[in-house]
Amino acid sequence: MNLGEHILLSNGFSKIYEKPTTFPFTEELLEKLRFDCQENTIICLGGIKTIERNKLILCAIDFAQELFIITKDSLKSRKSQNADIFWYHYKNRCFGFSKNEKISASNATADENQIQAEYRFSVWLDGDIGFRIGNNKNLKFSNEFSYVIYKKY
């Protein structure tokens, strides 16, 4: 989903994170985010192009507790109870969302599935950097993209 930042801000969201894909996205970051969220906190997680900072090229919006549920199956993500989105969080391995439950994180440390690839967001959590925002993959060497997180209480 393409979404203008102004829409999020005008609906009560605050930007709490923006880092290039060349910067590690870690379990520590997810744990801090979980700790800072209340029961009804809504999170918008996504990616932007560096040259278009006010336009999310891909994002998912959901209640925060959906993001933190640990996933066990490396080929299947978990459907949100609140939105038409599938989440996965493999502790110390990878984290992300897709538009369908099929993922492919068994041979790599992030989702490499190509089904509806434009709707897939995946980051490594094992200390490596970058992976995918939609069809844009292997972002560890790219300064073109950043990860963003918005929060609303």
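The values are calculated or read from the model by the stated rules, or taken from the named source; none is laboratory data. Everything numeric in this text was worked out from a predicted model, so none of it was measured. Glycine gets a Cβ as well: all are built from the backbone with ideal geometry, and neighbour counts include every protein chain shown.
Computed quantities for the displayed model
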| read-out | value |
| --- | --- |
| Output for segment 100-153, where each listed residue is farther than 19 Å from Ile48 by Cβ, of a type in the set (Val, Ile, Thr) and at pLDDT below 80 | Thr109, Ile115 |
| Those residues of segment 68-111 which are among the basic types (Lys, Arg) and over 19 Å from Leu139 (Cα atoms), in sequence order | Lys72, Lys76, Arg78, Lys79, Lys91, Lys99, Lys102 |
| Residue identified as in a loop (DSSP other than H, G, I, E, B) and without any contact (Cβ under 8 Å) to a residue 12 or more places away in the chain among Asp128, Asp84, Asp73 | Asp73 |
| Strands (runs of 3 or more DSSP E) contained entirely in segment 1-65, each with at least 1 residues that are over 21 Å from Glu144 (Cβ atoms), free of Cβ contacts under 8 Å to residues at least 60 places away in the same chain and under 14 Å from the mean Cα position of the chain (by Cα) | 52-63 |
